[in-house]
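Asker: Before I ask anything, here is the structure I am working with.
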Amino acid sequence: MLTYLGRLSEAEIVSKKILELSPGFAVTYANLAQIQIILQRPQDAIQTIKKYQHYLDEQDLLMHLGTSYRMLNDNENSLKNYTGAEELYSKRLENTPGDPVLRMYVSLMYYFRGIVLEKAGKKAEAIIQFEKSGQINQDLLSDNPNDFFALANIGLVKARIGEVKEAQNVIRNLERNGGVDPSIIYQICAIYSIMNDIPNSVKYFKKAISLGFNEYDFLLTDPDMENLLKSKEIQMMIKSKKKTTS
């Protein structure tokens, strides 16, 4: 709850206390590592995860490792851990093939691998990963036409692979059907950010805030928001937010 309220320092203290009381559970390490990632301390997150003896067998921990190494520009280790997480999620999916949550996580691992490969200059390989992610989300949307997060993920993929018209179609669809959900508006903002349409990205970020979005710290670690974060207006908003919460 503290994390969602933006009280991350408090959430970290509580998570450390919980970890002391329950050191044998992977989820406690995952929760603490996630907070440290949002606080832009990937090295601390890596140390937290590796304290858990069986971290290589836990898909959530490997996912957070992948993200931590990505933030440190260690593409090799980032890919290695995202791949390990995808394999574990896929293995679990074999037992429950229709599970939408597991399918979503598999799609995310493909998407994150695409981002790392793109960052490493391997555009063709990145597109393959993005398309795999997009196909899973397309299947999720076919199963549930009201899955607007799957639709938003398709929009992110379309933007990443340069299919601008398709991405814009997704945005219009999201506006028609999920236009009052701050999480969906945030995703529209992210799609515009990837396409480097900063005026629209700023517009939708402000709209997300007006609807209740307040996870500024998450914004700072979101790879889809890299272009938006270059905006001086957004930088000023972030500074102002930090002043009011400090």
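Asker: Does the stretch 207-227 contain at least one residue that is touching a helix residue (DSSP H, G or I) at 6+ places or on another chain (Cβ under 9 Å), of a type in the set (Phe, Trp, Tyr) and part of a loop (DSSP other than H, G, I, E, B)? Before you say what the answer is, go through the steps one by one.
Answerer: At the first step, the residues of the stretch 207-227 found to be touching a helix residue (DSSP H, G or I) at 6+ places or on another chain (Cβ under 9 Å) are 207-227.
Those still in the list that are of a type in the set (Phe, Trp, Tyr) too: 213, 216, 218.
From what is left, the residues that are part of a loop (DSSP other than H, G, I, E, B) are 213.
There is at least one residue in the stretch 207-227 that is touching a helix residue (DSSP H, G or I) at 6+ places or on another chain (Cβ under 9 Å), of a type in the set (Phe, Trp, Tyr) and part of a loop (DSSP other than H, G, I, E, B).
Asker: Could you tell me which of the residues GLU125, GLU175, GLU118, GLU131 is in a helix (DSSP H, G or I), without any contact (Cβ under 8 Å) to a residue 12 or more places away in the chain and in contact with a helix residue (DSSP H, G or I) (Cβ under 8 Å, 6 or more places away or on another chain)? First the steps, then the outcome.
Answerer: Values: GLU175 fails: without any contact (Cβ under 8 Å) to a residue 12 or more places away in the chain; GLU118 fails: without any contact (Cβ under 8 Å) to a residue 12 or more places away in the chain; GLU131 fails: without any contact (Cβ under 8 Å) to a residue 12 or more places away in the chain.
Exactly one residue qualifies, and that residue is GLU125.
Asker: Filter the stretch 183-208 down to the residues that are within 26 Å of PRO42 (Cβ to Cβ) and under 18 Å from the mean Cα position of the chain (by Cα) and list them by number.
Answerer: Hits for the stretch 183-208 are SER183, TYR186, GLN187, CYS189, ALA190, ILE191, SER193, ILE194, SER201, PHE205, ALA208.
Asker: Moving to a separate point now. Which of the residues spanning the stretch 199-215 are surrounded by fewer than 17 Cβ atoms within 10 Å (Cβ to Cβ) and either in contact with a Leu (Cβ under 9 Å, 6 or more places away or on another chain) or within 14 Å of ALA150 (Cα to Cα) (or both)?
Answerer: ASN214
Asker: Right, another one. Is it the case that some residue within the stretch 59-74 is of a type outside the set (Lys, Arg), loosely packed, with under 14 Cβ neighbours inside 10 Å and either modelled with pLDDT under 95 or farther than 26 Å from ASN153 by Cβ (or both)?
Answerer: No: the stretch 59-74 contains no residue that is of a type outside the set (Lys, Arg), loosely packed, with under 14 Cβ neighbours inside 10 Å and either modelled with pLDDT under 95 or farther than 26 Å from ASN153 by Cβ (or both).
Asker: Residue by residue through the stretch 205-229, note down the ones that are of a type in the set (A, V, I, L, M, F, W, C) and in contact (Cβ under 8 Å) with a residue 60 or more places away in the chain.
Answerer: If we filter the stretch 205-229 for residues that are of a type in the set (A, V, I, L, M, F, W, C), which is where we start, we get 205, 208-209, 211, 213, 218-220, 225, 228-229.
Within the stretch 205-229, PHE218, LEU220 qualify.
Asker: Scan the stretch 86-103 for residues that are surrounded by fewer than 19 Cβ atoms within 10 Å (Cβ to Cβ) and assigned to a helix (DSSP H, G or I) and report the count. Can you show your working first?
Answerer: Restricting attention to the stretch 86-103, the residues satisfying the condition of being surrounded by fewer than 19 Cβ atoms within 10 Å (Cβ to Cβ) are 87, 90-101.
Checking which are assigned to a helix (DSSP H, G or I) leaves us with 87, 90-95, 100-101.
Residues meeting the conditions: 9.
Asker: Also: Does PRO145 qualify as being surrounded by fewer than 16 Cβ atoms within 10 Å (Cβ to Cβ) and either touching a residue at least 60 places away in the same chain (Cβ under 8 Å) or over 20 Å from the mean Cα position of the chain (by Cα) (or both)?
Answerer: So PRO145 fits the description; yes.
Asker: Could you go through the stretch 162-175 and let me know if any residue there is surrounded by fewer than 22 Cβ atoms within 10 Å (Cβ to Cβ), in contact with a Ser or Thr (Cβ under 9 Å, 6 or more places away or on another chain) and either modelled with pLDDT of 95 or more or not basic (Lys, Arg) (or both).
Answerer: So far as the stretch 162-175 goes, no, none of its residues is surrounded by fewer than 22 Cβ atoms within 10 Å (Cβ to Cβ), in contact with a Ser or Thr (Cβ under 9 Å, 6 or more places away or on another chain) and either modelled with pLDDT of 95 or more or not basic (Lys, Arg) (or both).
The values are calculated or read from the model by the stated rules, or taken from the named source; none is laboratory data. What you see is a predicted model; the values in this text were computed from it and never measured. Here the Cβ is made from the backbone with ideal geometry for all residues, glycine too, and neighbour counts use every protein chain on show.
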